[in-house]
Amino acid sequence: MAELIPVENLDVVKAIVAEHREVPGCLMQILQETQEKYGYLPLELQGTIADELGMPLTEVYGVATFYSQFNLTPKGKFKIGICLGTACYVRGAQPIIDKVNSILGTQVGDTTEDGKWSVDATRCIGACGLAPVLTVNEDVYGRLVLDDIAGIIEKY
Amino acid sequence: MKEVTFKINGQEMTVPEGTTILEAARQCNIDIPTLCYLKDVNEIGACRMCLVEIAGARALQAACVYPVANGIEVLTNTPNVREARRVNLELILSNHNRECTTCIRSENCELQTLATDLGVSEVPFEGEVSGTLVDDKSDSIVRDESKCILCKRCVAVCGDVQNVAVLGSVGRGFTSQVQPVFGRSLADVGCIRCGQCIVNCPVGALKEKSSIQEVWDAIADPTKTVIVETAPAVRASLGEEFGYPMGTPVTDQMAAALRRLGFDKVFDTGFGADVTIMEEGTELLGRVTNGGVLPMITSCSPGWISYIETNYPEFLPHLSTCKSPQQITGALLKSHYAETNGIDPKDMVVVSVMPCTAKKYELKREELKVDGIPDVDISITTRELARMIKEARIMFDQLPKEEFDDYYGEYTGAAVIFGATGGVMEAAVRTLADILNKKDIQAIDYEMVRGVQGIKTATVDVTPDLAVKLLVASGGSNIEKVMQQLKAGELADTHFIELMGCPGGCVNGGGQSIVPAKDKMDIDIRAERAKALYVSDAKITKYRKSHQSPAVIRIYDEYLGEPNGHKSHHLLHTTYSQKPKLV
C-alpha cells in the first residue's frame with residue numbers, strides 16, 4: 001500500500017479537483033480519490049474541495065457523510081473488516097466482532113490510539129462460502145472460530 | 001405559452017404547461033396538505049404529505065413536484081390518499097418531540113395543524129427517536145433536533161436564498177439530520193444569524209434565543225431605568241400576532257402595550273434612523289467630494305455585516321462607518337438622555353424590539369460599545385414582544401392609541417421606511433437632495449428604489465450637476481451577486497449601495513411573525529408589510545425627511561454639533577473586521 005499523504009499537503013487534493021472539476025457530478029470521484037491518497041476526509045480536505053469547486057462545505061460534507069465508504073477520521077495501518085452479510089451473521093459474525101473489540105479495546109468504527117488498528121463492520125464481501133469472514137487490509141480469513149482471532153491479530 | 005388540460009376531482013381545468021398539481025389545485029380551491037413545500041424555494045417532494053392519486057398510475061404521486069400533463073385525472077380525496085397521508089404523518093409524528101403544549105410554536109405549527117386537520121388522534125408507532133441535540137450556543141438561534149422533521153426548508157432558505165449554507169443534510173437514513181458541518185454549533189460556522197431558517201421552519205426546531213426573562217427582570221428591578229426602542233418594521237408585523245390582517249400598522253397600540261408592560265420610556269428606533277441618515281448622508285457626501293472609497297455601502301443590517309466580514313473582508317472599507325439605528329439610538333440614550341436626565345448609564349437598561357435575530361448578537365459586539373458600555377442591553381424580536389404582551393394579559397386590540405414618548409420617540413417618514421428594502425436609500429436621497437439644492441423639495445417618492453425585486457438600480461439627478469448612481473439589494477443570494485459585480489469592478493461608477501440581509505428588508509426579517517408556507521403561496525409578505533410602512537410615511541408622519549425632524553435638529557444643536565463631528569465619531573461610528581468562517 002502506498003504511503004498516505006499528510007493532510008498538510010493540499011497540493012494533491014487540489015490536483016485531484018483540477019482533474020475532475022469540469023465533469024458534472026464530479027464530487028464523488030474527487031472524494032474517492034482524495035480518500036485513497038490521504039486515507040480519510042478531514043475538515044481541511046473537504047474545505048479545500050469545497051473552495052476549489054465553489055461549492056458550500058455543507059454540500060460536500062453531506063455527501064461525505066451519506067456514503068459509508070467515506071471516513072472522516074483516520075483509519076488504522078491495519079484495517080479489520082468483519083463481514084456482517086447475512087451468511088456471516090448467521091454463522092456467528094457478532095461474537096467475532098465482540099472478540100476483536102475486546103482484544104483491541106475498540107468499538108466498531110474506532111481506530112486504536114496508536115493508529116495501528118481500525119475496526120469496521122462491512123456489508124457482504126462475497127465470500128459467503130467461507131463465512132464467517134474477516135479481512136485485514138487485503139488479507140482474507142475465513143471459516144473463523146473465536147480462538148483464531150488472537151492469532152490473526154498477533155501476525156501484524 | 002402552451003397549456004394543458006386535465007381533470008381534478010372530476011373538474012376540468014386548463015393551466016400553463018409546467019404547472020404542478022399542487023399549484024393547479026390551489027387555483028381551483030382544492031387544498032392539498034404540505035409540510036416540506038415552500039413556494040419557489042423548496043419543492044422536493046420529501047415529506048409525502050401532498051400525495052394524490054392519478055388515474056392509471058401505479059403509485060400515489062407527490063403533487064408538489066408533479067407537473068400536470070394533458071388528459072390526466074387527479075384525485076385528491078380517495079381512501080388510498082387519505083390513508084397514505086395519515087400514515088406518513090403518523091410516522092413523522094412518531095419521531096417528533098411532541099411536547100406541544102410547551103412548544104414555542106404551539107398553535108402556529110404546521111405539523112400540529114396538519115395533525116388536527118387530518119384527524120390524527122393517536123400515534124400508533126413507538127420506538128427509537130433520531131435527534132436529541134439542542135444547540136443553543138448562538139446568541140441568536142436555537143436549534144432543537146428533537147423537533148426537526150427533516151423537511152429541509154431551512155436548508156433551502158439558508159443555502160439557495162441566503163447563500164449562507166451553514167445548514168445541510170448530514171448522514172443517511174434514520175440517523176440523518178439537518179446540521180452544520182463536522183458537529184459544529186451554528187455559532188461556529190459563519191451563520192449570519194438572519195433567522196430566515198426560523199421564519200421558514202414549519203415546527204419548533206428553530207427558534208430565537210429568548211431574552212424575555214431578562215427584560216422582565218430589568219423591569220422588576222427598581223434601581224434600573226428601563227427604556228425600550230422599537231424598530232420600524234416591528235409595527236408592520238406585530239398585529240399579525242393578534243389577528244390583524246397583514247400590513248396593518250399597529251404603531252399606536254404597540255406604544256400603549258409597551259407602557260403597560262412597564263417600560264419607563266417608550267422610544268423609537270426611527271429616531272436613530274433619522275440620525276443615521278444625517279451621519280451616513282454626510283459621510284457619503286464627504287466620500288464623493290473628497291475622493292473617498294466608493295461605492296459606499298450601508299451598515300444597518302447585522303446579517304449583511306456578518307456576511308461581508310466572513311466572505312468579503314477586503315471590501316470592508318466600502319462600508320459606511322455608521323452604526324445601525326438600533327445602536328445609534330442606544331448610544332444617544334446612554335449619553336445625551338442619561339446626562340440630561342441625571343441617570344448613570346450603568347443604571348439604564350436599553351431594550352430594543354427588532355424584526356431581527358441578528359440584533360441579539362450585534363448589541364454584544366465589542367467594537368460597538370462606547371467606553372466599554374453597550375449601547376443596547378437586550379434585544380427581543382417582534383415575536384417575543386407579542387409573547388410578553390400575551391403573558392401580561394394585555395388585550396392588545398382593546399388598547400387605546402398612544403404615542404411614543406417625546407423627543408427620542410419622534411421619527412420621520414424617512415425613518416419608517418427603513419424597514420423595507422430601498423427605504424434607507426430613499427431616506428438618504430430625500431435629505432441629500434434638499435441639502436445640496438438648499439431647498440425643501442416636494443417630489444420625494446423615489447419609486448424606483450421601492451418594491452420587492454432582489455436587486456434594483458437607479459440614477460437620481462440630485463442636483464443639475466450631480467447624478468448619483470444607486471443600487472439596492474436584499475437577501476444573501478442577491479447580495480452575493482452584487483459583491484461579485486463589485487469584485488469584478490463593474491460597480492466603480494456607483495455611489496451608494498443599500499444591502500439588507502433578509503429578502504425584502506427588515507419587514508421580512510427573521511424575528512418577525514411567522515407565516516405558514518401555505519399562506520405564502522398567495523401573498524408576498526415582503527410587499528404586504530412594506531405597505532404598512534409606506535402608508536405611515538405618506539399619511540401619518542408629520543415630517544418625511546430626516547433633517548426636518550425637530551428631534552434631530554435638537555440633538556445636533558444641543559449635543560452632537562454637526563454630523564460626522566467629533567462627538568458623532570465617538571458615539572455613532574465604528575469599524576468592522578474580518579471574521580473566520582469556521583471556528
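The values are calculated or read from the model by the stated rules, or taken from the named source; none is laboratory data. Not measured: the values here are computed from a predicted model. When we count neighbours, we look across all protein chains shown, and the Cβ atoms used for this are built from the backbone with ideal geometry, even at glycine. Surface areas here come from the heavy atoms of the whole protein model, side chains and all, with no ligands, DNA or RNA. Shrake-Rupley method; radii C 1.70, N 1.55, O 1.52, S 1.80 Å.
Given a 1.4 Å probe and no ligands, DNA or RNA in the count, how much accessible surface is buried by A and B, both sides, to the nearest 100 Å²? Kindly include the intermediate steps, with their values, before the conclusion.
On the way: alone 9050 and 23350 Å², together 31320 Å².
In total, this chain pair buries about 1100 Å².
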> What are the principal axis extents of the Cα atoms in the range B:443-521, in Å, biggest first?
Replying inline: 49, 35, 20
> Just checking chain A: which Cys have no other cysteine's beta-carbon under 4.7 Å?
Replying inline: A:CYS26, A:CYS124, A:CYS128
> With the contact rule set at Cα under 8 Å and sequence spacing of 6 or more, what percent relative contact order holds for the range B:3-93?
Replying inline: 34
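Please go through the residue pairs A:LYS75/B:LYS581; B:LYS147/B:LYS364; B:LYS209/B:LYS531; B:LYS539/B:LYS579; B:LYS224/B:LYS539 and name each one whose alpha carbons sit more than 32 Å apart in this structure. Could you put the intermediate results ahead of the total?
Numbers: A:LYS75/B:LYS581 28 Å; B:LYS147/B:LYS364 29 Å; B:LYS209/B:LYS531 29 Å; B:LYS539/B:LYS579 43 Å; B:LYS224/B:LYS539 37 Å.
Over 32 Å Cα-Cα: B:LYS539/B:LYS579; B:LYS224/B:LYS539.
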> What helices does chain B hold that run 24 Å or longer along their axis, going by alpha-carbon atoms, with a Kyte-Doolittle average of -1.0 or more, using DSSP H for the helix calls?
Replying inline: B:269-290
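Before I look further, what does the range B:426-571 give for accessible area per residue, probe 1.4 Å, in whole square angstrom?
On the way: 6270 Å² over 146 residues.
Normalised by residue count, the accessible surface of the range B:426-571 is 43 Å².
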> For chain A, what is the Kirkwood hydrodynamic radius in Å, using each pair of distinct C-alpha atoms?
Replying inline: 16.9
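If the convex hull of the alpha-carbon atoms of the protein assembly as shown is projected onto planes in all directions, what is the mean projected area in square nanometres? Spell out each step's value before the answer.
Values: hull surface 154.9 nm².
Hull-based average projected area comes out at 38.7 nm².
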> Considering only the other residues whose Cβ falls under 11 Å of the Cβ of B:SER320, what net charge follows from Lys and Arg at +1 and Asp and Glu at -1?
Replying inline: -2
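How big is the equivalent ellipsoid of the range B:351-453 along its three axes, where each semi-axis is √(5λ) from the Cα gyration tensor, reported in whole Å from largest to smallest?
Numbers: eigenvalues 184, 90, 47 Å².
For the range B:351-453, the ellipsoid semi-axes come out as 30, 21, 15 Å.
Would you mind calculating the relative contact order of chain B from Cα pairs under 8 angstrom and at least 6 residues apart, reporting the percent as a whole number? Don't skip to the answer; put the middle values down first.
On the way: 1179 pairs, mean separation 94.2, N = 583.
Relative contact order, chain B: 16 percent.
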> For chain B, what is the mean residue ellipticity at 222 nm derived from helices alone (per DSSP H run of n ≥ 4: -39500 (n - 2.57); sum divided by total residues; nearest 500 deg cm²/dmol)?
Replying inline: -8500 deg cm²/dmol
>> Run the reach check for B:LYS7 against lysines, Cα to Cα strictly under 26 Å, same-chain hits fewer than 8 apart removed. What comes back?
In response: B:LYS39, B:LYS518, B:LYS520
> Among the residues of the range A:35-58, which ones have their accessible area go down by 40 Å² or more when all the protein chains sit together, as opposed to their chain alone (1.4 Å probe)?
Replying inline: A:LEU43, A:THR58
> For the range B:43-174, what are the per-bin percents of Cα-Cα distances with bins 10 Å wide, up to the bin holding the maximum?
Replying inline: 10, 34, 35, 18, 4, 0
> Quick one: accessible area per residue over the range B:3-93, 1.4 Å probe, rounded to a whole number of Å²?
Replying inline: 46
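Are there trypsin sites (Lys or Arg not before Pro) in the range A:1-63 that DSSP marks as loop and that have at most 16 other Cβ atoms within 10 Å, and which are they?
A:ARG21
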> For chain B, what log10 I(q)/I(0) values come out of the Debye formula at q = 0.09, 0.12 1/Å, with one point per alpha carbon and no solvent?
Replying inline: -0.71, -1.18
> Under Stokes-Einstein, with the Kirkwood radius over Cα pairs standing in for Rh, what whole-number D in µm²/s applies to the range B:303-406 at 10 °C and 1.306 mPa s?
Replying inline: 100
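Go through B:LYS152/B:LYS359; B:LYS456/B:LYS567; B:LYS137/B:LYS346; B:LYS360/B:LYS567; B:LYS323/B:LYS545; B:LYS438/B:LYS469 and tell me which ones have a Cα-Cα distance over 29 Å in this structure.
Working: B:LYS152/B:LYS359 25 Å; B:LYS456/B:LYS567 35 Å; B:LYS137/B:LYS346 27 Å; B:LYS360/B:LYS567 26 Å; B:LYS323/B:LYS545 20 Å; B:LYS438/B:LYS469 21 Å.
Over 29 Å apart, Cα to Cα: B:LYS456/B:LYS567.
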> Ratio of the range B:181-272's C-alpha Rg to 2.2 N^0.38 Å, to two decimals?
Replying inline: 1.35
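Just to be sure I understand: if I project the alpha-carbon convex hull of the range B:3-93 onto a plane and average over all orientations, what area do I get in nm²? Provide the component values of the computation, followed by the final result.
Values: hull surface 22.4 nm².
Here the figure is 5.6 nm², rounded to one decimal.
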